[in-house]
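**Q** For reference, the structure I am asking about is given below.
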Amino acid sequence: MRQLLESEPFSSVAPCLTRAVSGFQVHDGPVMLLAAPSLIGALSIAPIEAAFLDLGLPYRRRFKLESPSDGSWIHILGPAQDTGPEYNSEPPRLSLGLALVDGLVSSSGDTRRGPLTTVAQAHAIAQSLAPDGLRVRSLRPWLISGNWLHSALDTTYDPVFTALRDMLVEEGSVRIATIPEVPSIELSNTPWIEELALEAVSSKWSDLDMEGKARALSHLMRPAISRSTPSTARMEELGWHRVVGPNWDSDLASEILRAARLWKQGSANLAAHSFVDSLLSTGRSPELE
């Protein structure tokens, strides 16, 4: 896996996160992992917890809205707090907040900025702590889940999402597939596509030539053009750039939708714990009845 903290999107936060990793590596007491009981909170805690488990380091997980007080902790701040990461060393305490960073540099030398979410920062910490950890590696495709949930993709092109997605593809952590190539897919975020129509295209997909595939996919996606949502950037990801992890029969967008249903079933706290437990044991969202 490529080192996240050495990549361009992390350049502004790398010094802080590197100091934090060094502090937690030598800390000999339990560390509290704390976040709000939300989907973003759970997605941010999971990779750090995976690293602590891979290394056998003591920790506690807690989902609540209150700020931490005593002891050593890693606190996941809400999406509205764009302060970036902040670290204090005695005892090691790290707060992770969203940061606006340079995502890509254009051919003309102009930089394009986008959100570096707490999820992405958590994955960078996890990789630095346990680069060879099995659990950390199994969660790698979820690196861009925070950016997928962020509103940047609904308004404009998100250069951080694109940069991190391309990095995952280059290192072999994910592959990119079109919507007919994903066996198990959630269609609730593509309501213009009828299930039977998608099944018909998928069943003959392997027999189509490039022109036929382009025509069939354009036909499936064309009704979205007249809609106010999704944005063009998100529509391209939903139709042409589905992110699929190793040995997955589904894609990341579908996995996130399935996870979000946990919060609709009752307690947010229970949903957050159940989701993290599933990620740590299988690397996937839980199967819902």
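No lab work stands behind these numbers, since they all come straight from the coordinates. This one's a predicted model, so the numbers in the text were calculated from it and none came from an experiment. Neighbour counts are summed over all protein chains in view; Cβ atoms, including those assigned to glycine, are modelled from backbone coordinates with ideal geometry.
**Q** Please say if region 41-168 is rounded, prolate or oblate, where rounded means a/c under 1.5 for a ≥ b ≥ c the square roots of the C-alpha gyration tensor eigenvalues, and otherwise the choice is prolate for a/b larger than b/c and oblate otherwise? Before the final figure, lay out the partial values.
**A** On the way: a/c = 2.05, a/b = 1.52, b/c = 1.35.
Prolate is the answer for region 41-168, as a/c is 1.5 or above and a/b outweighs b/c.
**Q** Can I ask one more? To check my understanding: the extent here is largest minus smallest coordinate of the Cα atoms along each principal axis. What are those three numbers for region 158-253, in Å, largest first?
**A** Projected onto its principal axes, the Cα set of region 158-253 covers 33, 33, 25 Å.
**Q** Cα-based Rg of the chain per 2.2 N^0.38 Å, rounded to two decimals?
**A** 1.02
**Q** Hey, another quick one. Can you tell me the dipole magnitude for the chain around its Cα centre, using point charges on the Cβ only (Lys, Arg +1; Asp, Glu -1), in Debye to the nearest 20? Present the calculation step by step, with values, prior to reporting the outcome.
**A** Numbers: 25 positive and 34 negative charges, 78 e Å.
It comes to approximately 380 debye.
**Q** Let me ask you something else. What list do you get for E211, E194, E255 if you sort them by fewest beta carbons within 10 Å? Could the numbers behind the result be given before it?
**A** Values: E211 8, E194 13, E255 24.
Final ranking by Cβ density, sparse to dense: E211, E194, E255.
**Q** By per-residue mean of other Cβ atoms within 10 Å, what is the highest-first order of 17-26, 34-43, 119-128?
**A** On the way: 17-26: 17.8, 34-43: 23.6, 119-128: 26.9.
Ranked by mean Cβ neighbours within 10 Å, highest first: 119-128, 34-43, 17-26.
**Q** Hey, rough spin-label estimate for L187 and N269, points 7 angstrom out along Cα→Cβ, what's it come to in nanometres?
**A** Modelled inter-label distance: 3.9 nm.
**Q** Let me check against my output: what whole-number percent is the relative contact order of region 184-289, with C-alpha pairs under 8 Å and at least 6 apart? Don't jump to the answer; show the numbers that get you there.
**A** Numbers: 62 pairs, mean separation 25.3, N = 106.
Reported as a whole number, the value is 24 percent.
**Q** Sticking with this one: Order of D207, D54, D154, D277 from fewest to most other C-beta atoms within 10 Å?
**A** On the way: D207 8, D54 18, D154 12, D277 15.
Arranged by neighbour count, lowest to highest, D207, D54, D154, D277 become D207, D154, D277, D54.
**Q** Related question: Apply the a/c threshold of 1.5 to the C-alpha gyration tensor of region 96-199 and tell me whether it is rounded, prolate or oblate. Kindly include the intermediate steps, with their values, before the conclusion.
**A** Details: a/c = 1.91, a/b = 1.28, b/c = 1.49.
Cα axes put region 96-199 in the oblate bin.
**Q** Arranged by the count of other C-beta atoms within 10 angstrom, fewest first, what order do M221, M1 take? Write down the numbers at each step before the final one.
**A** Working: M221 19, M1 16.
Lowest to highest Cβ neighbour count: M1, M221.
**Q** Just how large is the dipole of region 141-289 about the Cα centre, in debye to the nearest 20, putting +1 at every Lys and Arg Cβ and -1 at every Asp and Glu Cβ? The partial results should precede the final answer.
**A** Values: 13 positive and 21 negative charges, 68 e Å.
For this selection, approximately 320 debye.
**Q** Got a sec to turn the phi values of region 132-139 into Karplus ³J(HN,Hα) couplings, 6.51 cos²θ - 1.76 cosθ + 1.60 with θ = phi - 60°, whole Hz, x for Gly and Pro?
**A** Residue by residue, region 132-139 yields 9, x, 5, 5, 4, 5, 5, 8 Hz.
**Q** Could you tell me which of rounded, prolate or oblate describes region 1-91, using a ≥ b ≥ c as the square roots of the eigenvalues of the alpha-carbon gyration tensor, with rounded for a/c under 1.5 and, failing that, prolate when a/b is larger than b/c and oblate otherwise? It would help to have the intermediate numbers written out before the result.
**A** Numbers: a/c = 1.39, a/b = 1.11, b/c = 1.25.
Rounded, because the longest to shortest axis ratio a/c is under 1.5.
**Q** Name the lysines eligible as straight-distance cross-link partners of K204: C-alpha to C-alpha under 18 Å, and not fewer than 8 places from it in the same chain.
**A** K213
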